[in-house]
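Data first, discussion second: the structure below is written as structure tokens.
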Amino acid sequence: MDPPRERLLQLLKQEGNTQCADCFEPNPLWASVNWGVFICTQCAGVHRSLGVEHSFVLSCTLDEWKREQVDNMALMGNASVNERLEYCVPKIIEVPYRSDTDRDTRATYIRAKYVDNMFCASPGGQRRSPERIARKKATGGNGSNRLSNSQVAMVEFIGIVDVTLVECRQLVVKDLVSSDPYCVMTLGMQTRKSTVKYSNLNPVYNERFSFSWDGIGALVIDLFDKDDLSKDDDMGTLTVDLTPLLMGEGVELKQWYPILNRKHPDKNQGEIFLHITYIPIKNS
């Protein structure tokens, strides 16, 4: 056995690596090399569908491994990566658990985790580990073998709010002549983060984010200037009242909103254009 593969198989025996990083299926035999995690066959299929730019998948037993690839797996590992990528997973999110998880649930979670980075730590965010539980088998005759998302969500939430972050204009300068802005959106315990637009005071995003909504909470958006050498700079904040969405079917919010200075709310620090729609959860 060549040294890289021998070392790789030893890493599979380490605590945290003995089960899939995404669904906790025992004895994973695949890996996402760039993320440094070991995954099961079903999750490996989803990772492959993301494209190699997001997840480069190899078999631990069938593919050839380079020494530097194994070095990265040793540096990262399931426990370390999940500590970062699953820092705050909202309670309403259905988390994959072993082989019984359907493909759609598995794909939705993995994309949110690795592509959208939806569960990473955010400024002021509180830690919430994912709840990985076996889905109960139905005893009735409807053929269902798991609890539906609507059954879980209806306990606290009345619908889904879709927020399209369209663009910003006239943002403040935080670097020498420009800024590298990104947005952090928070609704209740749910947090979403946009991409960073480098050296741009009038960035165009056209990025869409979804939140479960209880019909009460407001959407808070914080803007930051990305800084690789120090703490990201504050670029302002705004709060959007979502209750007008309940005024009738088809109501949407589509407008420019002022970005306010956190310490001096009467000071404008640019504008942000949002398109917000609401989809109610209907009782079946």
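The values are calculated or read from the model by the stated rules, or taken from the named source; none is laboratory data. Since we're looking at a predicted model, the values are computed, not measured. When we count neighbours, we look across all protein chains shown, and the Cβ atoms used for this are built from the backbone with ideal geometry, even at glycine. These accessible areas exclude ligands, DNA and RNA; they are computed on the full protein's heavy atoms, side chains included. Shrake-Rupley method; radii C 1.70, N 1.55, O 1.52, S 1.80 Å.
Things worth noting here:
- Every helix of 4 or more DSSP H residues in the chain counts as -39500 (n - 2.57), and over all residues that averages to -5000 deg cm²/dmol at 222 nm.
- Structural descriptor for the chain: relative contact order 14 percent, calculated from alpha carbon pairs under 8 angstrom and at least 6 residues apart.
- Taking the convex hull of the alpha carbon positions in segment 19-81 and averaging its projected area over all directions gives 3.9 nm².
- Cα gyration tensor shape of the chain, rounded if a/c is under 1.5, else prolate or oblate by comparing a/b with b/c: oblate
- Here segment 1-106 exposes an accessible surface that is 51 percent carbon and sulfur, computed with a 1.4 Å probe and the other protein chains kept in place.
- Probe 1.4 Å, accessible area per residue of segment 1-115, Å²: 48 Å²
- The residues of segment 213-284 expose, per residue, 60 Å² of accessible area to a 1.4 Å probe.
- In segment 204-249, the portion of solvent-accessible area held by carbon and sulfur atoms comes to 51 percent [1.4 Å probe, whole percent, DNA, RNA and ligands not counted].
- Computed from Cα atoms, the angle from the helix 41-50 axis to the main principal axis of the chain rounds to 40 degrees.
- Segment 242-277: trypsin sites (Lys or Arg not before Pro) in DSSP coil with no more than 10 other Cβ atoms inside 10 Å: LYS263
- Charge context of LEU176, other residues only, Cβ under 15 angstrom, K/R +1, D/E -1: -4
- Charge tally around ASP227: other residues with Cβ under 9 Å, Lys/Arg +1 each, Asp/Glu -1 each, net -3.
- All other residues whose Cβ lies under 10 angstrom from that of TYR278 are scored, Lys and Arg at +1 and Asp and Glu at -1, for a net of -3.
- Protection proxy ranking of 39-51, 198-210, 240-252, by the mean of other Cβ atoms within 10 Å over each peptide's residues and highest first, is 39-51, 198-210, 240-252.
- Simple spin-label estimate for ARG262 and LYS91 in nanometres, 7 Å along Cα-Cβ: 2.7 nm
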